[in-house]
Each structure stands twice: as structure tokens, then as C-alpha cells.
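No lab work stands behind these numbers, since they all come straight from the coordinates. In this text, all values refer to a predicted model and were calculated from it rather than measured experimentally. When we count neighbours, we look across all protein chains shown, and the Cβ atoms used for this are built from the backbone with ideal geometry, even at glycine.
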Amino acid sequence: MSGPRESGRLQKGRPRTGARLAAVQALFQSEQAGENPETVIQQFVRHRLGPNDADEGLGEGRVPDADAKLFARIVRDTAARIESLDETIGKALAKDWPLEKLDPVLRALLRAAAGELSTPHEPPARVVINEYLDIAHGFFVGDEPRFANGVLDALARSLRADEFARP
């Protein structure tokens, strides 16, 4: 899988966004190639995270600005709880649209976001939603970002209801 198209939303200098972008790519690769998530993490850390001499950008599958620790944590946490996260995501989807029917990149994006949203309060749910929407806009030009927004909002309201309660 190559990286997302270059866009203003996925610009250099955002290491946390870069970590999330790389996590989506790694979760996609792990699922599609049937590779162990730890193996994929090591591949990314060695070959795809950070700058290199060729100065390859996002379009070449590199993530030049990425917080490697956050990247590894998202991938590990998500992979370790994938069944329960899939169940949670499934509840946010229409009954006639199961998770398996989604584009695999969108599925990886929702899994990574659900993994972060299922951890208590840090970062705030709205930050998680905005970050993954930026990533969705980098990968998709159709209805997928709007679809992702609806699912992410439903997940956040379910997993972090206290952040959405009126004062």
C-alpha cells in the first residue's frame, strides 16, 4: 500500500498525526499480508518512519514525521484488542453494513481510532476524531471521510460519553 495522497491536512511537523497515519498503514499491512503486528512495527520503525536520504514524502509510503512510541503503542494496543474493538465498531455500523464489507484502509483507520478512544481521556475524543478525519481525507476523496466522521462520532459518544455530557 502506498501512502495517502499529499494534502494540506497531512503536512510535515505533526508527529502525533504521523504516528496515527503510520498506525493505520501498519494495521492495514498486518491484516492484508497476515503479518504479526510486532513484525510490522519493526519494519515501519526501520524502513518507513522518519526522514531518509531520498526525502520520500507521504506519497511514497514513508511517514517522515512520526512519533515512533505513539505509533507502536497504537498498533500494539489495537492488535491486542482487535476482536473487542471490532465488536464495538460493529455496533456503530448499520446492521446491513458489517465491518468486513468496509474498505480495508477504512477498517484499519476505524480500528486505530477505536483503540485510542477506548483508553481513558487522553487525548480528548474530539482530538482523536479530528486526527483520524485528517487521515481519512488523505486517503479518500469520496464519501468515506463523511462515513468515518459518523462512525467516529458514534464511537466517541459510546466509549467516552462523559466527554460529551452537558455540564
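Exactly which trypsin sites (Lys or Arg not before Pro) in region 58-167 are in a DSSP loop and have at most 14 other Cβ atoms within 10 Å?
Listed in order of number, the matching sites are 95.
With θ set to phi - 60° and the Karplus curve 6.51 cos²θ - 1.76 cosθ + 1.60, what are the ³J(HN,Hα) couplings of region 82-88 in order, to the nearest whole Hz, using x for Gly and Pro?
Here the 3J(HN,Hα) series is 4, 5, 5, 5, 4, 5, 5 Hz.
Which ³J(HN,Hα) values, rounded to whole Hz and listed in residue order, are derived for region 104-115 from phi using the Karplus coefficients 6.51, -1.76 and 1.60 in 6.51 cos²θ - 1.76 cosθ + 1.60 with θ = phi - 60°, glycine and proline given as x?
x, 5, 5, 4, 5, 4, 5, 5, 4, 5, 4, x
Quick one: net charge of residue 67's neighbours, Cβ under 11 Å, K/R +1, D/E -1?
+4
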